[in-house]
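To start, the structure under review is shown below, and the notes come after it.
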Amino acid sequence: MNMADLTGLAATPLRGRLRTAAPMSRHVSWRAGGVADRLYIPADSDDLSVFLRGLAPREPLCFVGLGSNLLVRDGGYRGTVILMHSSHAVMRAEGAVIHASAGAACPKLARLAALRQLEGAEFLAGVPGTVGGALAMNAGCYGSQTWEFVRSASTIDRAGTIRERTAGDFEIGYRHVVLRGDSVLGEDEWFIGASFAFAPGDGGRARRRIRELLAQRIATQPLGLPNAGSVFRNPEGDHAARLIEACGLKGVAIGGARISEKHANFIVNPGGKALAADIEALIGHAREAVRVKFGVDLVPEVRIIGQAAAQASSIGAAQERRS
Ligand SMILES: Cc1cc2nc3c(=O)[nH]c(=O)nc-3n(C[C@H](O)[C@H](O)[C@H](O)COP(=O)(O)OP(=O)(O)OC[C@H]3O[C@@H](n4cnc5c(N)ncnc54)[C@H](O)[C@@H]3O)c2cc1C
């Protein structure tokens, strides 16, 4: 499929950018993984709507923000990635409400809220993803979660139809967001934006809190090395990092991937040479070790898509990296 095919199907010409055989290592924070058959960067929501209408009804689709919670297996993704971060990212404040498009970066949302003398958004300053990713993951830290502040969210479906939804339309939990009803979030419907309500307060205090939270992250997380944040969700009443560390796994490596010495729930790619398979094997290794020692089945927080290299029919990740 190329741009000409798509524009032939659509009444309105596309204004975004379409790429084929797109190396996803450039679009995920782990800096590893295979290629996506197609990658589309929409110009805006209307353009995205036109693009989606032109796709085959069963085309596999994956919306990607900043790829800070995502791994694409070395064999790549047989389908189309919609890259939201590089698309038209807009934010607008209206009193205590901030409207943000899905492609806007969370740290920018936190800073805009503080600038507008609003409090509550500070936790988002250290989440290196987009608003769309934060909505999909219910991203959270330091006692706050994204959906606590969502007044409404806009979604788009495969027919290009845009809907206004409220929290009541979703089942929301710890790193868990699913649509109630027949439509499946991530398969039939995706986020294109949201309105957040924060508390009017002291912007200076919000900025100080942002600085404190970022300093805390720098002290405890391996931010200088490619990573995807916490690999596992914390089990009820415990911390995945504590369990992994207690298994003696800090510093353990498989191929180019290593369990961080600084934070045991982080896997890093220090030389930028790790295969997605190395990272996935290390995830499996940590999970198994914790299961054997503590009888706890850790649930991955990171999302893994695509196919393993052996199954790949075309360019593998290793070849891709050499080119
Ligand atoms: C250093 C570091 C620290 C982190 N700290 C935290 C933290 O404190 N708390 C926390 O919760 N997370 C944290 N993370 C993980 C990550 O930043 C969050 O999960 C973030 O919300 C992911 O956003 P993203 O835009 O990068 O999403 P991506 O990684 O691009 O995607 C993640 C998932 O969301 C889906 N998705 C993305 N955009 C959309 C959309 N528009 N509509 C529907 N689905 C979509 C994707 O398909 C995928 O399944 C951290 C990561 C790093 C690297």
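Odds and ends about this structure:
- Whole-Hz ³J(HN,Hα) from phi, Karplus 6.51 cos²θ - 1.76 cosθ + 1.60, for segment 231-239, glycine and proline x: 6, 10, 5, 7, x, 2, x, 9, 10
- Ranked by how many other beta carbons lie within 10 Å on average, peptides 18-24, 48-54, 210-216 from highest: 48-54, 18-24, 210-216
- Amide H contacts for Ser68 (H built 1.01 Å from N in the peptide plane; partners 5 or more residues away or on another chain; cut-off under 5 Å): Ser29.
- Taking other Cβ atoms within 10 Å as a rough exposure proxy, Trp147, Trp30, Trp190 sort from fewest to most as Trp147, Trp190, Trp30.
- Ranked Met91, Met84, criterion: other C-beta atoms within 10 Å, fewest first: Met91, Met84
- Two-site FRET efficiency, Glu288 against Val184, from Cβ-Cβ distance with R₀ of 25 Å, rounded to 0.05: 0.25
- D_trans [Stokes-Einstein, Kirkwood Rh over alpha-carbon pairs] for the chain, 20 °C, 1.002 mPa s, µm² s⁻¹: 105
- Hz values of 3J(HN,Hα) by residue in segment 55-72 - Karplus curve (6.51, -1.76, 1.60), Gly and Pro given as x: 7, 4, x, 9, 4, x, 10, 9, 7, 10, x, 9, x, 8, 9, 9, 10, 9
- Ordering Arg175, Arg17, Arg26 by the number of other Cβ atoms within 10 Å of each residue's own Cβ, fewest first, gives Arg26, Arg17, Arg175.
- Rounded Å value of the spacing that divides the Cα centres of segment 233-277 and segment 140-219: 27
- Selection among Gly255, Val231, Ala102 by position relative to the dipole of the chain gives Gly255 as farthest towards the positive end (Cβ unit charges, Cα centre).
- Dipole check for the chain: with +1 at the C-beta of Lys and Arg, -1 at the C-beta of Asp and Glu, and the Cα centre as origin, the magnitude is about 960 Debye.
- Under 5 Å between amide hydrogens, built in the peptide plane, is the criterion, and for Cys62 it picks out Thr80, Val81, Ile82 among residues at least 5 positions away or on other chains.
- Working note: Debye formula, equal point scatterers on the alpha-carbon atoms of segment 130-258, no solvent; log10 I(q)/I(0) at q = 0.17, 0.20 Å⁻¹ is -1.07, -1.21.
- Within segment 17-165, the proportion of C-alpha pairs whose separation exceeds 21 Å stands at 46%.
- Screening the chain for DSSP H helices whose Cα atoms reach 20 Å or more along their own axis and whose mean Kyte hydropathy is at least 0.0 gives 276-294.
- Mean-square fluctuations from a GNM of the chain, with a 10 angstrom spring cutoff on Cα atoms, peak among Ala310, Ala153, Ala241 at Ala310.
- Rounded to the nearest 20, the size of the Cβ-charge dipole of segment 170-290 about its Cα centre is 800 debye, with Lys and Arg at +1 and Asp and Glu at -1.
- Pair-distance distribution P(r) for segment 86-146, from all Cα-Cα distances in 5 Å bins starting at 0: 4, 21, 31, 28, 14, 3, 0 percent.
- 13 Å beta-carbon shell around Leu214, net charge (K/R +1, D/E -1): +4
- Couplings for segment 222-228, taken from phi via the Karplus curve 6.51 cos²θ - 1.76 cosθ + 1.60 with θ = phi - 60°, read x, 6, x, 10, x, 7, 10 Hz in order; Gly and Pro are left as x.
FYI, it's all coordinate maths here, none of it is from the lab. Note that this is a predicted model, so its numbers are computed, not measured. Glycine also receives a Cβ, built like all others from the backbone with ideal geometry; neighbour counts cover every protein chain displayed.
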